[in-house]
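The values are calculated or read from the model by the stated rules, or taken from the named source; none is laboratory data. Everything quoted here is computed from the prediction, not taken from an experiment. Here the Cβ positions follow ideal geometry from the backbone for every residue, glycine too, while neighbour counts run over all protein chains shown. Just so you know, the surface numbers come from the protein's heavy atoms only, side chains and all, with ligands and any DNA or RNA stripped out. Shrake-Rupley method; radii C 1.70, N 1.55, O 1.52, S 1.80 Å.
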Amino acid sequence: MPGSIKLPITVKTEINVILLIITALGLVTRMYGINFPNAVVFDEVYYGQFVSLYMKQVFFIDESGPPFGHMILALGAYLGGFDGNFVWNRIGAEYTCNITVWSLRVIPAMAGALCVPLGYLLMVELRCSHYTALGASLLLLMENSLIAQSRFMLLESVLIFFLLLAIMSYLRFHNAQRLSSPHKWAWLVLSGISCACAVGQKYTGYTVYFLLHRALVATWELLNKKTLKHEMLMFKVLARSLALLVLPVLLYLGFFYAHLSLLYHSGPHDQMMSSAFQASLQGGLARITQGQPLEVAYGSQVTLRSKSSKPVPCWLHSHKANYPIRYENGRGSSHQQQVTCYPFKDVNNWWIVKDPGRQDLVVSKPPRLIRHGDIVQLLHGMTSRFLNTHDVAAAMSPHSQEVSGYIDFNVSMPAQNLWKVEIVNRESNKEVWKTILSEVQLVHVNTSAVLKLSGSSLPDWGFRQLEVVGDKTCKVYQQSGIWNVEEHRYGTSQEQKERELELHSPTHIHFSQNLTFMAKFMELQWKMLSVKAEVYEHKYSSSPTEWVMMDTNIAYWLHPSSNAQIHLIGNIVTWTLATVGLAVFASLFLWHLLRQQRKIEDIPEARWRQLTQVGVVCGGGWAVNYLPFFIMEKTLFLYHYLPALIFKILLLSAVLEHLHAHILRYPSHRCALDGILMAGLFSIYLSYRALSPLTYGQPELSSEDLASLHWKDTWDILLRKH
């Protein structure tokens, strides 16, 4: 046996030295001095709050996107031993000794560094030459805005990394005809994982699927291969579907599962979620509802929370004040007791569910449970007025009915206080009304109006509380017309004075009914998509029209007493040339397209396909990462343009190669272009060096040196004169 083994055993491998060098340079430019400054930089204020909540396992919701990006930042903080105890209240706040600054920033810095070799590999997979790939990677290497964004606890560099990795991996899979089957399919799986990670950080990560159009085209082309056996065809289609669709969906769900598993304590964003969701968290509402009766019965004392959180979460409420006899516009009211929706916990939020056929206000033994379709009266606990609505126009919504606490003024206005309980999320028509879990619509028996939140606020006479109305037109599911019992106890006091004391006492009786993960995921996902981020004016906010030529910048950090400062400013030479390259590509592509239509073949068919693919990946990458911002209703900053910038830079390199290889036909013209390229690359280097003090924050420049960097009047660079 030993004699059959041939010695020595050798392993042969190929190393791309250029790729190693640019990777090392990427690491140096992004990792150098990431501990500086030892202070909060721009949006680290924003992301740091979420990192602290992760460390303390406190629930939060960020409407800007899914949680995977926050978890990545939290992982770095965890590895550095951060305990979550730091107040992220202002830019420039000094980090305390319990924070290892490099650990907060190392993951974004690593991701930003690896974008440089990924740019190289992507251009190679697009069938560009290694010289073109090297040129593209050098442009990415010396791009000041990418460096600045990578060196802090921010997410754009991580998003860009996964976008590039997803596209490069799929192209490697598509191009790797000679690789062994497991090796080749591993690239497809890596592409699917990268897609999930991109989408899991920000919703703009969905753009990666627009760029992977080739996957759909290639799958469709498989159907034309008649030599391909049906079994192999099914395998290839299924493998692509599993890797690019099923696997990303499972990973996306996994991100939320980890997020919800880690954050199980009650937090600052609880009230945005439903009562059932809140009750699943430790503390907060869970403390209040612990041990409540699950099933609502006649005689139950309840608080009714509106499912709508617009403009704010609130509870059905009443108080001793009446509607004014006449409103400011001259319209009259019923002058009965006001019923509103109040956005705070209050004893006046309690109502008693009464059987219209009995006088009892306590729960019998055994309890008589209320089911879907039952008729009830709702008696206000503190004032003993019945919830009522009638054909009187509401104060702020005259197209709807007024809702009031009924007072008998003996003026031919009889009580209309019967309500039908309709459980919207019932599984059967005999469903019992349940605490927290049941979504209930209260339909007025006399008028068929639905009790709902109008969305308007009452004037001063209504204490600026939210208006509740009866709406006859509400025939479909609307969150403003859905209520659920949040706090619940079985009433035991028949007398008013005793009942008032009972209503003032806390309800600590174990609510063990937990939501399933999918129910929590769906609710959280809907909240993230439906809650609009506040649009506000920020000193450094900008519009997409200002990004293309970098007419704006962002001051990330300013030293409190010196001229040291860090800005998000790009390499102006690269930005300008990349914009020119985009215009040149569009012109060339249109020219070739028209020439082909006239049956004039200037370039080989293979080159045309390659040029088209470059246009779709790089030009399309710029478009899908830039144009959507024109229709987004959110506060925008220059860093939102960085994913689009990456693709525009890659496109510039491909355009230059096309000009050199297929447009310029004379050697003298190509030599002239080579000279221009060397001069341009040197200019890019000089621009990178000149702007480096604003990228790294050091060395500190004099006021005169800073003034010399004010290359555009629209840039905001702080000048301190000593």
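Here's the picture: charge each Lys and Arg Cβ at +1 and each Asp and Glu Cβ at -1 in the chain, and of G92, A672, H174 the one pushed furthest to the positive end of that dipole is H174. Shown here: the range 231-350, whose C-alpha atoms stretch 79, 41, 31 Å along the first, second and third principal axes, sorted largest to smallest.
Of the two radii for the range 284-376, the radius of gyration is 1.05 times the Kirkwood radius, both from the alpha carbons; that is the Rg over Rh value.
Taking amide H atoms as placed 1.01 Å from N in the peptide plane, the amide H of L418 lies under 5 Å from those of V445, N446, each 5 or more residues away in sequence or on another chain. Where the alpha-carbon atoms of the range 115-184 are placed on the principal axes, they occupy 40, 26, 12 Å, in descending order.
Please compute, over every Cα-Cα pair in the range 78-141, the percentage with a separation greater than 13 angstrom. Mind showing how you got there, number by number?
On the way: 1405 of 2016 pairs.
Here the long-distance tail beyond 13 Å is 70 percent of all Cα pairs in the range 78-141.
Using the Cβ-Cβ distance between T383 and Q479 with R0 = 22 Å, the FRET efficiency computed as 1/(1 + (r/R0)^6) comes to roughly 0.20. Among the cysteines of the chain, those whose beta-carbon sits 4.7 Å or more from every other cysteine beta-carbon are C97, C115, C128, C195, C197, C474, C618, C671.
Taking max minus min of the alpha-carbon positions on each principal axis, the range 321-424 gives extents of 52, 33, 29 Å, largest first. Kirkwood analysis of the Cα pair distances in the chain returns a hydrodynamic radius of 30.1 Å.
Each residue of the range 25-140 gets 120 Å³ once the volume of the Cα convex hull is shared out per residue. Computed from the C-beta positions of I676 and V87 and an R0 of 45 Å, the FRET efficiency is 0.30 to the nearest 0.05. Between the range 55-113 and the range 421-472, how far is it from one alpha carbon centroid to the other, in angstrom? Using only Cα atoms, the two centres lie 42 Å from each other. Each listed q (0.14, 0.17, 0.19, 0.24 Å⁻¹) maps to a log10 I(q)/I(0) for the range 413-525 from the Debye sum over equal C-alpha point scatterers, namely -0.88, -1.20, -1.30, -1.28. Dividing the convex hull volume of the alpha-carbon atoms in the range 562-695 by its residue count gives 107 Å³ per residue.
Quote to one decimal, in nm, the extra length available between L294 and K12 on full extension: 0.36 nm per residue of separation minus the C-alpha distance between them. Can you show the working numbers first?
On the way: separation 282, 0.36 × 282 = 101.52 nm, distance 6.94 nm.
Using 0.36 nm per residue and subtracting the Cα-Cα distance, I get 94.6 nm.
Give me the Kirkwood hydrodynamic radius of the range 586-645 in Å, from all C-alpha pairs, to one decimal place? Intermediate results must be reported in sequence, preceding the final value.
On the way: mean 1/r = 0.0738 Å⁻¹.
It works out to 13.6 Å.
Distance between the modelled labels on T545 and Y666, one decimal in nanometres: 4.2 nm (7 Å Cα→Cβ projection).
Solvent exposure of the range 353-455 amounts to 44 Å² per residue of accessible area, where only protein heavy atoms count and the probe is 1.4 Å. Inter-label distance, L238 to E537: 6.0 nm, where each label sits 7 Å from its Cα along the C-beta direction. Taking 7 Å steps out from each Cα toward its Cβ at V424 and D346 produces label points 2.4 nm apart.
By accessible area, using a 1.4 Å probe on protein heavy atoms only, the range 383-424 has 50% of its surface on carbon and sulfur. Please report the net charge: other residues with Cβ closer than 15 Å to the Cβ of Q57, K and R +1, D and E -1. My count for the surroundings of Q57 gives -1. In sequence order, the range 64-80 has phi-based couplings of 6, x, x, x, 4, x, 5, 5, 5, 5, 5, 4, x, 5, 5, 5, x Hz under the Karplus curve 6.51 cos²θ - 1.76 cosθ + 1.60, θ = phi - 60°, and Gly or Pro positions carry x. Couplings 3J(HN,Hα) for the range 127-140, derived from phi with the Karplus relation 6.51 cos²θ - 1.76 cosθ + 1.60 (θ = phi - 60°), are 6, 7, 6, 5, 5, 5, 4, 5, x, 4, 5, 5, 5, 5 Hz, where x marks Gly and Pro. When the Cα convex hull of the range 628-687 is projected onto planes of every orientation, the mean area is 5.7 nm².
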